[in-house]
Amino acid sequence: MPAKAKTTKTKNARRSAEPGTNIPDKLYFRIGEVSKLCALPPYVLRFWESEFPQLRPNKSETGQRMYRRKNVECVLRIKQLLYAEGFTIAGARQHLREEGKPEAQQPVIPFPSTPRPSLAPLRHELKAILGILKPKR
């Protein structure tokens, strides 16, 4: 009788980031659902909660972790940084912190910010030209 071949996922297949993961349109996800969506064991999700301040799921009255869509997106982003892009946990934490900061915008100035020269000499010259051009009576 031939032995049955086991069909298990390899570490690399399990660790690959799913860029096209389709997140169902739900208000809350339990840790088991997030685990299946992201192809990660629940203990990894619980560990990441302690390492990444951005990942803070709510807890129900019974203590069940309730992830929102933004939490699931955060888990997928962390997974991509760690597994696909090769960041360390500290590096991924720093990268997420920088991603979350709004970019410093330079104020839009319609005119150059160089100091304006005094207009008094120009005004004086224009009056002199006007005096020359004015018809004499």
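Remarks
- The peptide list 69-79, 123-133, put in order of mean Cβ contacts within 10 Å with the highest first, becomes 69-79, 123-133.
- Here segment 11-101 is treated with +1 on each Lys and Arg Cβ and -1 on each Asp and Glu Cβ, and its dipole about the Cα centre works out to around 160 debye.
- Legend: calculated FRET efficiency, Ala90 to Arg68, from the Cβ-Cβ distance at R0 = 25 Å, rounded to 0.05, equals 0.50.
- Given charges at Cβ of Lys, Arg, Asp, Glu: segment 11-101 dipole, positive-most of Gly63, Leu40, Ile78: Gly63
- Rounded to the nearest Hz, the phi-derived 3J(HN,Hα) couplings of segment 61-76 under the Karplus curve 6.51 cos²θ - 1.76 cosθ + 1.60 (θ = phi - 60°) are 4, 8, x, 6, 5, 10, 8, 8, 4, 5, 5, 5, 4, 5, 4, 5, where x marks glycine and proline.
Bear in mind that the values in this text are calculations on the coordinates, not laboratory data. Note that the structure is predicted; figures quoted are calculated from it, not measured. No Cβ is skipped: glycine too gets one built from the backbone with ideal geometry, and neighbour counts run over all protein chains shown.
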